[in-house]
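The values are calculated or read from the model by the stated rules, or taken from the named source; none is laboratory data. Here the structure is a predicted model, which means the values were calculated and not measured. Cβ coordinates were reconstructed from backbone atoms using ideal geometry, including for glycine residues, and neighbour counts include every protein chain displayed.
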Amino acid sequence: MALKPWVKKRYELLLENFGDEEFGREDAYRVLKSRFGDEKEEVSRILSDIKKEGLLRERVDIEDRRVKIYRLVRRDERFTRGDLESLMKKAAALIRTRVDYKYILILLFLKRISDKWMREYRAKVEELVDEGIPREIAEREAKNPDFHSFAIPEELLWEEIRRDVNKLPEKLSEAIKKIAELNPDLKGVFATIEFISFTVNRENLSILHQLVELFSEIDLGEVSSDILGDAYEWVLRYFAPQKAKEGEVYTPREVIQLLVNIVDPRPGESVYDPAAGSGGMLIESHRYVRERYGEEVKRLFLYGQEHNQTTYGLCKMNLIIHDIQSAELALGDSLLYPKILENGKPKKFDVVIANPPWNQDGYPEEKLKTGEFWKERFEFGFPTKQSADWAWIQHMLYSSRRIVGVVIDNGALFRGGREKKIRAKIIDRDLVDTVILLPEKLFYNTGAPGAIIIFNRQKDDKRKGNVLFINASQEYEKHPDVRKLNILSEKNIEKIVNAYRNFSEEGGFSRVVSMEEIKDNDYNLNVTLYVFPEVEEEEIDVHAEWEELRRIEEKMKAVNERIEEYLRVMK
């Protein structure tokens, strides 16, 4: 069991008290308060930790959908992270590079919602029978969409789809089309997926059959959303090196974790990612708030926009797999057509975070002016055609109320021309809070180090008129799976976050720099200009080294004499 010892004790106490019976949060609080003195906020975190290990199942109370009902899972009936990861590895081995990995994710998603429908159906039948309703009537009533997370026609449930192998592509195509029609939240999710044309190739058809049978081995109905989400993320991460060659960008979860820890989202706040990708920033924000505030995560409001139709679908599925169904996600080009509006204008958010495409070309002044709300969003100027980095930053700044965190190409910190003019105006406005140089080889699509810039609209007194520079180029460990890559460890992340929060200085690592010094440096934000890692100089004992050199010379002299003597004898 991977639970922390103190959480494990509480799990065992709950199991002792409730066994296989259902219970509510208040019931858990009563038991844990009595034995350990835990407060309600701690109970929420305890339940969250137990759930993450697949040892707690939850459902919504039928009478009050705001309330969750829990049931503990015994160790011998738990479906573990290892089990699901093993399944994903088998699926990945089946497709290798021959088939788009997105088909694995689609099948995982369809299996999940189908199994969940069946679990909800069986639970509702038993509930109605317990209330005295005849089983035949109960079975009919339990199919009502009101009792299910997703509306799915019976004939398109997983077991029905796989029943006729010869019609598998047609059934899957029908399923994704019909399910999308019946569930507004899934609009656009399957738009670019087509099973019929995909399986014209007989090899692809064989792979599809094998994948369906592989997923049929397990019941995903009650697998923890954390475990299932990790499996989804595993697939994205596993295929990231291959997809990077095709231009897809995958932000390492450690980089996202670092950024979210810095911007510190809180209950009651809104978080926006204008370059949402597969949803990593939003999912990590949700996890961060849930782990710190428990049920208060319900008051975290997530928003995102993604321009690529296929990636948009992956993002929606990823959010749902992680049991995040309240996020608002829009499809479209954020730089030209921001879609999330309020009172007719782009909405403002407390926290804005993103890893937009670095040095994206094709967004010169004339192009940006064809978009909407360009006067308000690009008040500091327009970038060159070669790089939209500072267009993204300006859109994010306009959209923010409190803080902005952006992962960006290191060149954006010091390039001249139009970019320098924009950068100077933003610096003069005292919006730049912290600049972090990341280690090299963190990203799958480039060996470049990259940087994080934090913009702050609510600077306190010690931050006003200053910028914190953090040189984290040496804060990394070797990637455990990809030989040429590095990763940020928990220790690395903690060191960087602590420096940011304390606005502290450490030789060779972090330094607080005044606006005047930055202006004297021609508005250059290159971290190495202000902080350079200190190289530890080895102290040399000159006398000892000289004595060692003298002994070596004497030995060499003796060796030479022996060689000369040997050569004389040979003559």
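Before moving on, here are some points about what is shown:
- For segment 134-156, the criterion of being of a type in the set (Phe, Trp, Tyr), at pLDDT 90 or above and in a loop (DSSP other than H, G, I, E, B) is satisfied by at least one residue.
- Being under 24 Å from residue 218 (Cα atoms), part of a helix (DSSP H, G or I), touching a helix residue (DSSP H, G or I) at 6+ places or on another chain (Cβ under 9 Å) and hydrophobic (A, V, I, L, M, F, W, C) holds for only one residue in 94, 13, and it is 94.
- Residues in segment 147-163 that are more than 15 Å from residue 179 (Cα to Cα) and charged (D, E, K, R): 3 in all.
- Single condition residue 376 does not satisfy, out of (1) out of contact with any strand residue (DSSP E or B) (no Cβ under 8 Å at 6 or more places or on another chain); (2) farther than 22 Å from residue 188 by Cα: (1)
- Of all residues in segment 16-27, those being surrounded by 13 or more Cβ atoms within 10 Å (Cβ to Cβ) and either in the same structural domain as residue 296 (by TED's automatic domain parsing) or part of a helix (DSSP H, G or I) (or both) number 4.
- All positions within segment 301-334 that are buried (at least 23 other Cβ atoms within 10 Å of the Cβ), touching a Phe, Trp or Tyr at 6+ places or on another chain (Cβ under 7 Å) and of a type in the set (D, E, K, R): 306
- Among the residues here, residue 287 does not qualify as touching a helix residue (DSSP H, G or I) at 6+ places or on another chain (Cβ under 9 Å) and either more than 27 Å from residue 240 (Cα to Cα) or assigned to a loop (DSSP other than H, G, I, E, B) (or both).
- Residue count for segment 398-420 satisfying the condition of being in a helix (DSSP H, G or I) and farther than 17 Å from residue 371 by Cα: 8.
- Only helices (runs of 4 or more DSSP H) whose full extent lies in segment 305-392 are considered here, and the ones with at least 2 residues that are touching a residue at least 12 places away in the same chain (Cβ under 8 Å), touching a Gly at 6+ places or on another chain (Cβ under 9 Å) and in the same structural domain as residue 405 (by TED's automatic domain parsing) are 309-321.
- Which listed residue, of 450, 417, is small (Gly, Ala, Ser) and under 16 Å from residue 254 (Cα atoms): 450
- Matching residues, segment 1-53, being of a type in the set (Gly, Ala, Ser) and at pLDDT 90 or above: 24, 28, 34, 37
- Output for segment 169-204, where each listed residue is over 17 Å from residue 113 (Cβ atoms) and either within 26 Å of the chain's Cα centre (by Cα) or crowded, with 16+ Cβ neighbours inside 10 Å (or both): 169, 191, 192, 198, 199, 204
- If you go through segment 402-456 and keep only what is over 25 Å from residue 505 (Cα atoms) and of a type in the set (S, T, N, Q), you end up with 445, 446.
- Residue 67 vs. criteria under 30 Å from residue 145 (Cβ atoms), in contact (Cβ under 8 Å) with a residue 40 or more places away in the chain, surrounded by fewer than 16 Cβ atoms within 10 Å (Cβ to Cβ) and not basic (Lys, Arg): yes
- Hey, residue 106 under 24 Å from the mean Cα position of the chain (by Cα), among the β-branched types (Val, Ile, Thr), within 17 Å of residue 209 (Cβ to Cβ) and surrounded by 20 or more Cβ atoms within 10 Å (Cβ to Cβ) or not: yes
- Test: residue in segment 196-214 that is in a loop (DSSP other than H, G, I, E, B), touching a residue at least 12 places away in the same chain (Cβ under 8 Å) and more than 28 Å from residue 96 (Cβ to Cβ): no
- Among the candidates 462, 420, the residue that is within 25 Å of residue 385 (Cβ to Cβ) and more than 29 Å from the chain's Cα centre (by Cα) is uniquely 420.
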